[in-house]
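**Student:** Dropping a structure here in structure tokens format, bear with me for questions.
The values are calculated or read from the model by the stated rules, or taken from the named source; none is laboratory data. Note that the structure is a prediction, hence the values are computed from the model and not measured. Cβ sites come from the backbone with ideal geometry, for glycine too, and all protein chains shown count toward neighbours. Note: areas computed on protein heavy atoms with side chains; ligands, DNA, RNA excluded. Shrake-Rupley method; radii C 1.70, N 1.55, O 1.52, S 1.80 Å.
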Amino acid sequence: MTRGDTTLTTTSGFPFDEQDGFVAHRAWDTAREIGQQPELWREVATTAAERAVEVERFLAPLLADGSLRVVLTGAGTSAFVAEVLAPSLTRRLRRRIDAVATTDIVSNPREVYGEDVPTLLVSFARSGDSPESVAATDLADQCLRSVHHLVVTCNGEGTLARAHAERADSFVLLMPPRSNDRGFAMTSSFTCMLLATYLAFDPTGLAASGVEPLARAAEWLMAEWDAEITALAGRGYERVVYLGSGPLRGLARESALKLLELTAGGVDSYFESSLGFRHGPKSMLDERTLAVAYVSNDPYTRRYDEDIVGELRRALGAAHVLEVTAHAGEPGRERDDEAGVLAVPGLADVPDPLAGIVFVIAAQLFGLRASLALGRTPDNPFPDGEVNRVVRGVVVHPLTESSGAAEEA
């Protein structure tokens, strides 16, 4: 699977053809939303530049408070945006940033908000209509004396956006309308919210060339690797494990969810950190397992990622391990000719969350192709309504003084 040519060229036109079976197999929305990501990232960058002064005016006074706690939150894929961003932003901004899912906040608000300190709650939501989205912000208002809200959403008409649009203590950051994915699985919504939030908190985190290297790398990946990923998905793996360190562990978690969602559970998926995988989870490996390892751009962390790649190749065989990296072909690294190395050009110097929005496209494509190989309908893998695009059936119970009486007693 190793590709020798990593020259970055611009693809022309849309990477997928509407007539390539996607419409007939109810996969067109998902394919289109994967393919549109480079174009949408350019829109996100343009909007970020246009609104930079507004965002700075909202965030700067808050971040000037050394006691401020920043909580990044969302449900499902939106929660994994938080998990990718929190480690990197903690490092770059040198301040406390926690990733806590709305599902944990709503069920356990007194634990999550137990420390009553000035808080910025950053809420990620594709639609903003999931029950936990608004409930998490309401509970923050109820439990904390000082809280501000940054709402990052793809739907300006969603319940969450409308609830915070006119509030003086809130700022609503809208993504391009097309990022409000119509398909079941979040794809462009995930990467757009991640990119926009990174730019909001760390506008100097991209080089002078801005978002263009990311967009071009993604276009290259789709043009050069879709056929190989299709072949990989057609092998009939029963299990797939995704590994990554730091911010890329959150990316591994999102990748595992994409496969589980798009195949309607037809392929078992798992995620773990590169070091953590040895501590028990490695026992899941068998001859029907594919391992995918995301390799960090941090030189120290990368050594651990590459160690587990070598170990997995010895355990599974090189043909059953896919290494996704921006650092292939470095001096001193031996590679098996049969090893799978998706070497993405042009990303070696970008922070891991930004490299991750390109890396994750490999997982999105694999999920799409594996779904089709199993005869599923990716745009709606659950036609019986057992699982829904916007979560239903959640009852948000009121938080009263008596709710925590047993614990406090």
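**Student:** Might you check whether a residue that is assigned to a helix (DSSP H, G or I), buried (at least 24 other Cβ atoms within 10 Å of the Cβ), among the aliphatic types (A, V, I, L, M) and out of contact with any Ser or Thr (no Cβ under 9 Å at 6 or more places or on another chain) occurs anywhere in segment 233-244? First the steps, then the outcome.
**Tutor:** Within segment 233-244, the subset assigned to a helix (DSSP H, G or I) is 233.
Still in the list and also buried (at least 24 other Cβ atoms within 10 Å of the Cβ): 233.
So of that shortlist, the ones also among the aliphatic types (A, V, I, L, M) come out as 233.
Adding the requirement that they be out of contact with any Ser or Thr (no Cβ under 9 Å at 6 or more places or on another chain) leaves none.
No, segment 233-244 contains no residue that is assigned to a helix (DSSP H, G or I), buried (at least 24 other Cβ atoms within 10 Å of the Cβ), among the aliphatic types (A, V, I, L, M) and out of contact with any Ser or Thr (no Cβ under 9 Å at 6 or more places or on another chain).
**Student:** Follow-up. Hey, any hits in segment 64-72 for a residue that's surrounded by 15 or more Cβ atoms within 10 Å (Cβ to Cβ), outside any strand (DSSP E or B) and touching a Phe, Trp or Tyr at 6+ places or on another chain (Cβ under 6 Å)? Break it down stepwise before answering.
**Tutor:** Applying the first criterion (surrounded by 15 or more Cβ atoms within 10 Å (Cβ to Cβ)) to segment 64-72 yields 68-72.
Filter once more, keeping what is outside any strand (DSSP E or B): 68.
From the residues that got through so far, the ones that are touching a Phe, Trp or Tyr at 6+ places or on another chain (Cβ under 6 Å) too are none.
Within segment 64-72, not a single residue is surrounded by 15 or more Cβ atoms within 10 Å (Cβ to Cβ), outside any strand (DSSP E or B) and touching a Phe, Trp or Tyr at 6+ places or on another chain (Cβ under 6 Å).
**Student:** Between residues in segment 261-288 that are in contact (Cβ under 8 Å) with a residue 24 or more places away in the chain and residues that are surrounded by fewer than 16 Cβ atoms within 10 Å (Cβ to Cβ) and acidic (D, E), which pairs lie under 6 Å by C-beta distance while being six or more apart or on different chains?
**Tutor:** Pairs found: R288/E238.
**Student:** Is one or more of the residues making up segment 299-315 among the charged types (D, E, K, R), under 30 Å from E219 (Cβ atoms) and in contact with a His (Cβ under 7 Å, 6 or more places away or on another chain)?
**Tutor:** Yes, some residue in segment 299-315 is among the charged types (D, E, K, R), under 30 Å from E219 (Cβ atoms) and in contact with a His (Cβ under 7 Å, 6 or more places away or on another chain).
**Student:** In addition: Could you go through segment 185-195 and let me know if any residue there is of a type outside the set (A, V, I, L, M), open to solvent by less than 10 Å² (accessible area, probe 1.4 Å) and more than 18 Å from L251 (Cα to Cα). Steps first, please.
**Tutor:** Initial filter on segment 185-195 (of a type outside the set (A, V, I, L, M)): 187-192.
Checking which are open to solvent by less than 10 Å² (accessible area, probe 1.4 Å) leaves us with 187-192.
Those still in the list that are more than 18 Å from L251 (Cα to Cα) too: none.
No: segment 185-195 contains no residue that is of a type outside the set (A, V, I, L, M), open to solvent by less than 10 Å² (accessible area, probe 1.4 Å) and more than 18 Å from L251 (Cα to Cα).
**Student:** A further question follows. Only one of these is modelled with pLDDT under 95, part of a helix (DSSP H, G or I) and not charged (D, E, K, R): A79, A49. Name it.
**Tutor:** The match here is A49.
**Student:** Next question, about the same structure. Please specify each residue of segment 140-173 satisfying the condition of being touching a His at 6+ places or on another chain (Cβ under 6 Å) and surrounded by 19 or more Cβ atoms within 10 Å (Cβ to Cβ).
**Tutor:** Once the filter is applied, which keeps residues that are touching a His at 6+ places or on another chain (Cβ under 6 Å) and surrounded by 19 or more Cβ atoms within 10 Å (Cβ to Cβ), segment 140-173 yields H149, V151, H164, S170, V172.
**Student:** Now, a different point. When segment 201-222 is examined, which residues are found to be of a type outside the set (D, E, K, R), assigned to a helix (DSSP H, G or I) and open to solvent by 20 Å² or more (accessible area, probe 1.4 Å)? Walk me through it before giving the result.
**Tutor:** Initial filter on segment 201-222 (of a type outside the set (D, E, K, R)): 201, 203-211, 213-215, 217-218, 220-222.
Next cut, assigned to a helix (DSSP H, G or I) only: 201, 213-215, 217-218, 220-222.
Residue satisfying the conditions is P213 alone.
**Student:** May I pose another question? Among the numbered criteria (1) open to solvent by 30 Å² or more (accessible area, probe 1.4 Å); (2) assigned to a helix (DSSP H, G or I); (3) hydroxyl-bearing (S, T, Y), which one does S255 miss?
**Tutor:** Here S255 meets the rest and fails (1).
**Student:** Is it the case that L72 is over 21 Å from P176 (Cα atoms), touching a residue at least 24 places away in the same chain (Cβ under 8 Å) and touching a Ser or Thr at 6+ places or on another chain (Cβ under 9 Å)?
**Tutor:** Taking the combined requirement at face value, the residue does not satisfy it.
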